[in-house]
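Heads up, the thing below is written out as structure tokens.
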Amino acid sequence: MSILVNRDTRVICQGITGKVGEFHTRGCLDYGTRMVGGVTPGKGGETVAGLPVFNTVAEARDATGANATMIFVPPAFAADAILEAVGAGVELVIAITEGIPVMDMARVLPVVQASQSRLIGPNCPGVITPGECKIGIMPGYIHTPGHVGVMSRSGTLTYEAVWQLTQLGHGQSTCVGLGGDPLVGSSFIDILELFQNDPDTHAILMMGEIGGSAEEEAAAYVKAHVTKPCAAFIAGRTAPPGKRMGHAGAIISGGKGTAEAKLAALADAGIEIAESPADMGSALVRAIKRHS
Amino acid sequence: MGYLPRLGSQFSREAVMKIHEFQAKDLLRTAGVPVLAGRVARTPDEAAAAFTALGTPVCAVKAQIHAGGRGKGKVRGSEQRGVELAKTADDARRIAEGLLAKTLVTIQTGPEGQVVRQVFVESGCAIDRELYCAVLVDRRVGSPVLIASTAGGMDIEEVAAKTPELILSEPFDPDRGLGGWQARLLASKLGLPTASWRHAETFFKKLCAAFVSLDASLLEINPLVLAKDGTLVALDAKMTFDDNALFRHKDLAALRDEAEEEPAEIRAAAAGLSYVKLNGTIGCLVNGAGLAMSTMDLVKHHGGEPANFLDVGGGADVNQVTEAFRIILSDTNVKAILVNIFGGIMRCTTIATALVEASKTVGFTVPLVVRLEGTEVEEGKKILAASGAKIITADGLTDAAKKVVAAAGKPEA
């Protein structure tokens, strides 16, 4: 068991004929992911990495039975690519692309919410269930199959956490990169719910950052609904207050968003806090010990 | 990946482009949002001429810098405030003299302040009430929102913290825009006289439409004024734009005022790097914003002070990484550099090749500590070992942080 993806997930790559799309399609194939095809408008009929390329997602889905897609389409066209995947009824849409205009995502999210599809990202490393299925750009070798669910807004920080877990002998059930953009398809809470309901996930490690209020909301959710041991790290504790241009971010979050506020909310929910980025794996180990 | 710690203790991770008040007002005027007549002046004489040309009994002379808090801010070494009223052309000249080429310190500039290079001379208006409004994207709602408050002209963060019930919020769909009913609802809650509702509807709807069509990331009107004649006017305007959308707004890119930005940050942006200069001694080169922030946390945890935030991003090539080293080394405070790369989309071989290249072309004058992990790590380590370049390698985060803090020596008090 795991969440979102497993050995049966059938994956296509939108933007497979691009340099980056092809490189990471090969990386996923090497890991053992069931890649079944790719999409690039106008390049249908070609073959990349031994996989058939289709002109549209709908054709690719009909021909391959794909139920997941990873998107490497350039930022100017990526929102359209997400809508195409949702329109074709692909259940899991993972957008890796960095640099999509925020307003494009504001147009995409209501369509995703009204559909049966789940969107992860954009601007994220992807999703991996170790030993079964890797969809995205994360280096495969740092992961080990196991029972810790991992989620984060930051790609490389997730790798760091996973690497620490692996070295401490704690494998992962599934690792989810939520994406660093202001508007993303899935939140900490969405993924917490999946981890809580997954019998194969025994503990949860999350990495947040200063700004916004997603971590505070996640802490409230954990307090109310999560029975599994949890640990968390907040990046940017020492980031200096910079020059101000406007105040609006602070208004929306109503005084939330500082590292102190986030750490207090997490601790109040009984979540073990990692004191430094080198302490993330150990914090999870402490959370498990405390819980047992 | 952008990173700008620019919202006080908050920060905005997305990269944004700032413009001046007078530029924002030009854009608003074009979009049909009511603003007052005004002229930009770069000399005291121009300011006096602007006053005469505007022909109103009173004008405001406003310093144009990329920071707020100007009304309460003062010019360093004098009592000159960033915004003052002029009743004569001579007043306007005198105020402009007090501001131009001087350093204005406000709560948003930090103690170093910002040099004033131009002032905006703007017609006065008979104010009945001061309100607040802003348009921005709300992460939680997942859409743009118009927020408004009766607490105009005040520190809105304080209002939000102490009296959140005074902050009104209306989300809207980017394509449908703000509904007339939403504008009327706000007008009602703000206590505007019904005779002004028609003005409010036009004002709010056009403001929201401008936000969407210009791909703004923040459009803040503080104060928004209810004039004695019952109309609404944007007395101040702050506007920032989503960097990721500038590709479809070539005209907006021309509004960038590089004199307002840190030179090294401009250089970094031109190379596609995210760089923020700080005041410490340890230069940091990291991939990914979250890991870059964490690396700074770690350096501090071990007693060092980061000299910068630098995220080379996911797809950086050898040229970009070499430029990143040049930028870090251009900061004379830097006593040691920490490279922390966890390769995903970024390959360790790319960073290793760039390190070797940079050691030849740039020349490292300070110790370099390198921690590599991730995609193609073994090949990357081989490239470093084979090059014979003077590099201190580290295994893991703690080892890297300890080594770089030791290499930089004790931070200056």
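In table form, for the structure just shown:
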item: From A:ALA58, A:ALA78, A:ALA66, residue being more than 13 Å from A:ILE12 (Cα to Cα) and of a type in the set (Gly, Ala, Ser); result: A:ALA78
item: Residue identified as open to solvent by less than 20 Å² (accessible area, probe 1.4 Å), away from chain B (no Cβ under 14 Å) and farther than 22 Å from B:PHE247 by Cα among A:GLY65, A:GLY38, A:GLY87, A:GLY42; result: A:GLY38
item: Hey, B:LYS250 in contact with an Asp or Glu (Cβ under 9 Å, 6 or more places away or on another chain), more than 8 Å from chain A (Cβ to nearest Cβ) and closer than 30 Å to B:ALA216 by Cα or not; result: no
item: Of all residues in the range A:100-126 being more than 9 Å from every other protein chain (Cβ to nearest Cβ) and assigned to a loop (DSSP other than H, G, I, E, B), the one that is most open to solvent (accessible area, probe 1.4 Å); result: A:GLN116
item: When residues of the range B:353-378 are limited to those that are open to solvent by 20 Å² or more (accessible area, probe 1.4 Å) and of a type in the set (Gly, Ala, Ser), the one modelled with the highest pLDDT; result: B:SER359
item: Residue in the range A:174-194 that is among the hydroxyl-bearing types (Ser, Thr, Tyr), within 14 Å of another protein chain (Cβ to nearest Cβ) and farther than 30 Å from A:PRO110 by Cα present; result: no
item: Residue satisfying condition, being in contact (Cβ under 8 Å) with a residue 40 or more places away in the chain, among the hydroxyl-bearing types (Ser, Thr, Tyr) and closer than 23 Å to A:VAL112 by Cα, within set A:THR40, A:THR33, A:THR69; result: A:THR69
item: Filter pass, A:GLY236 being closer than 24 Å to A:GLU91 by Cα and within 14 Å of chain B (Cβ to nearest Cβ); result: no
item: Selection count, the range A:68-84, where residues are within 15 Å of A:GLY21 (Cβ to Cβ) and surrounded by fewer than 18 Cβ atoms within 10 Å (Cβ to Cβ); result: 3
item: Enumerated strands (runs of 3 or more DSSP E) restricted to the range B:97-197, each holding at least 2 residues that are within 22 Å of the chain's Cα centre (by Cα) and within 11 Å of another protein chain (Cβ to nearest Cβ); result: B:127-138, B:143-149
item: Of all residues in the range B:228-246 being open to solvent by less than 10 Å² (accessible area, probe 1.4 Å) and aliphatic (A, V, I, L, M), the one that is farthest from the other protein chains (Cβ to nearest Cβ); result: B:LEU232
item: Subset of the range B:247-296 (residues that are open to solvent by 10 Å² or more (accessible area, probe 1.4 Å), over 23 Å from A:ALA76 (Cα atoms) and at pLDDT 90 or above); result: B:THR281
item: Where a residue in the range A:203-216 is away from every other protein chain (no Cβ under 12 Å) and its partner, wherever it lies, is outside any helix (DSSP H, G or I) and among the charged types (D, E, K, R), with Cβ under 6 Å and at least six apart; result: A:ALA203/A:LYS228; A:ILE204/A:LYS228
item: Test: B:GLY313 is of a type in the set (Gly, Ala, Ser) and modelled with pLDDT of 95 or more; result: no
item: Cβ-Cβ under 7 Å pairs, at least 6 apart or on other chains, the range B:46-74 side in contact (Cβ under 8 Å) with a residue 24 or more places away in the chain and not assigned by TED's automatic domain parsing to the domain that holds B:GLU97, far side open to solvent by 20 Å² or more (accessible area, probe 1.4 Å) and of a type in the set (Lys, Arg); result: none
item: Residues that are open to solvent by 20 Å² or more (accessible area, probe 1.4 Å), within 18 Å of B:LEU100 (Cβ to Cβ) and part of a helix (DSSP H, G or I), drawn from the range B:24-50; result: B:PRO44, B:ASP45, B:GLU46, B:ALA49
item: Residue ID - farthest from the other protein chains (Cβ to nearest Cβ), chosen from residues in the range B:215-225 that are surrounded by fewer than 24 Cβ atoms within 10 Å (Cβ to Cβ) and farther than 19 Å from A:ASP181 by Cα; result: B:VAL225
item: Test: residue in the range B:285-298 that is on the phi < 0 side of the Ramachandran plot and more than 10 Å from chain A (Cβ to nearest Cβ); result: yes
item: Search result, residues across the range A:189-231 that are surrounded by fewer than 24 Cβ atoms within 10 Å (Cβ to Cβ) and among the aromatic types (Phe, Trp, Tyr); result: A:TYR221
item: Identity of the residue in the range A:10-23, closer than 17 Å to A:VAL86 by Cβ and among the β-branched types (Val, Ile, Thr), that ends up surrounded by the most Cβ atoms within 10 Å (Cβ to Cβ); result: A:ILE12
item: Residue within the range A:198-206 that is under 24 Å from A:THR97 (Cβ atoms), at pLDDT 95 or above and touching a Gly at 6+ places or on another chain (Cβ under 7 Å) present; result: no
item: Extreme residue, nearest to A:ASP181 (Cα to Cα), among residues of the range B:310-337 that are within 11 Å of another protein chain (Cβ to nearest Cβ) and surrounded by 24 or more Cβ atoms within 10 Å (Cβ to Cβ); result: B:ASP311
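The values are calculated or read from the model by the stated rules, or taken from the named source; none is laboratory data. These numbers were taken from a predicted model, which means no experiment stands behind them. All Cβ positions, even for glycine, are placed from backbone atoms using ideal geometry, and neighbour counts span all protein chains on display. The area values use the complete protein model at the heavy-atom level, side chains included, leaving out ligands, DNA and RNA. Shrake-Rupley method; radii C 1.70, N 1.55, O 1.52, S 1.80 Å.
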